Structures are given as structure tokens and as C-alpha cells.
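Novice: Would you mind keeping the following structure in view while I ask a few things?
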Amino acid sequence: MSPTLLTPDAAPHYRPPTAALLEALHDALISERKLLDDLIAQMRRQRTAVGSDDIEAVDESTFATHRVLATLGQARQRRRQLNLLLVGNEDCTLRDLEAELGDQVDGRLREARIRLQQAADILTREVGMNRKLLREALSANDQHVRTLVGGPANSSTYAIEGTAPAGTGAPRGVLVNRTA
């Protein structure tokens, strides 16, 4: 069932959205916000687990994050379909959608949009904090392992352009030649 009526110039015109479509949009926005809230909680759990060196909890939060992201993808697909039905463009932003719908957007829809965008902003900050923490933890762990095994101080495995790695004094292929 298409909400478009074609005119002789073939330009689509959309009927005013029904109350059911607006209610479905509201539900979609609320659902997405709840999923973002779940992701925020997982980011915080992951950060706590990294801080306490709890590898099992890090793994659990990572898998939980993947599950929530899969569900979020489905929720966003649902909203794209609603966007298409409401304004004929599945990729319009929430602000564009609100502008297109005009006075048909009530306070509930506006509040749901604002809360979804706030949750997205918080999630962005949480992800940034986790990335920084994980980079620092990996670097500290890498340095700790290098200290234990007496490895080189830098982690570069490739020579800097124009320089050759220092020779070890042993002829190349000695190990291969001895075992062959």
C-alpha cells in the first residue's frame, strides 16, 4: 500500500500521515532511545571491567554490545521504512522529518526526538572514553609484556623508510639451513 498519489507530472504527493503512522514513529523513536541507553550501560560496564582487569566481563560486555547493535540496526530499518511512508525519503534526519511533518508533530514526538538525540550524544562520549581507555590499557599491557620478555622499547615491526634494521650478526637462513 503506497501513500503516494501520482499526478500527471508524476511527482509524488503524500497524504497527511495517519495517527497510526505517527504513533508508530513515536514507538520507533522510544525503542531506539532505549537501545542507545542499553549501549551506554554496556560501555560503562566495559569501562569498569577494563579498570578492574576483568577480561571475562569485558568479553561479556562486548558480546552484549554486538547483540544490542544488531537490534538497533533492525530498529533503524523500521524507522527508515516509517520515514519513507511519512515523507517519501527513508534517509531523512530526525530534524528534517520534523520539518516535513510540520504542525503534525506533537509534543510527544518532539520530546522523543530530543531524548533520542541526547542519548546518541551521550553514547558518542561514552564510546570515545572507552576507546581512549582501551588504547591506554593495550599500550600499558604491551609495555608490560615487553618489559617481562626484554623486547625492544618500540613496537614498530617495519623499518623507517630509508633505513635498514640493525643486523643481528647471524647470517640469514642459518636456522632454515640447519634444520633442512
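Novice: Taking the condition over 17 Å from the mean Cα position of the chain (by Cα), modelled with pLDDT of 95 or more, at negative phi and of a type in the set (A, V, I, L, M), does A28 pass?
Specialist: Judged against the criteria, A28 is a match.
Novice: Mind checking whether some residue in the stretch 75-83 is touching a His at 6+ places or on another chain (Cβ under 7 Å) and either of a type in the set (K, R) or over 30 Å from N130 (Cα atoms) (or both)?
Specialist: no
Novice: Sticking with this one: I need the full set of residues from the stretch 36-67 which are aliphatic (A, V, I, L, M), crowded, with 17+ Cβ neighbours inside 10 Å and at pLDDT below 95, in order please.
Specialist: M43, A49, V50, V58
Novice: Can you find even one residue in the stretch 79-102 that is β-branched (V, I, T), within 18 Å of the chain's Cα centre (by Cα) and within 29 Å of T48 (Cβ to Cβ)?
Specialist: Within the stretch 79-102, not a single residue is β-branched (V, I, T), within 18 Å of the chain's Cα centre (by Cα) and within 29 Å of T48 (Cβ to Cβ).
Novice: Among the residues of the stretch 95-124, write down those that are in contact (Cβ under 8 Å) with a residue 24 or more places away in the chain and farther than 18 Å from A19 by Cβ.
Specialist: R115, L116, A119, A120, I122, L123 - these are the residues of the stretch 95-124 that are in contact (Cβ under 8 Å) with a residue 24 or more places away in the chain and farther than 18 Å from A19 by Cβ.
The values are calculated or read from the model by the stated rules, or taken from the named source; none is laboratory data. In this text, all values refer to a predicted model and were calculated from it rather than measured experimentally. Positions of Cβ are backbone-derived with ideal geometry, glycine not excepted, and every protein chain shown enters the neighbour counts.
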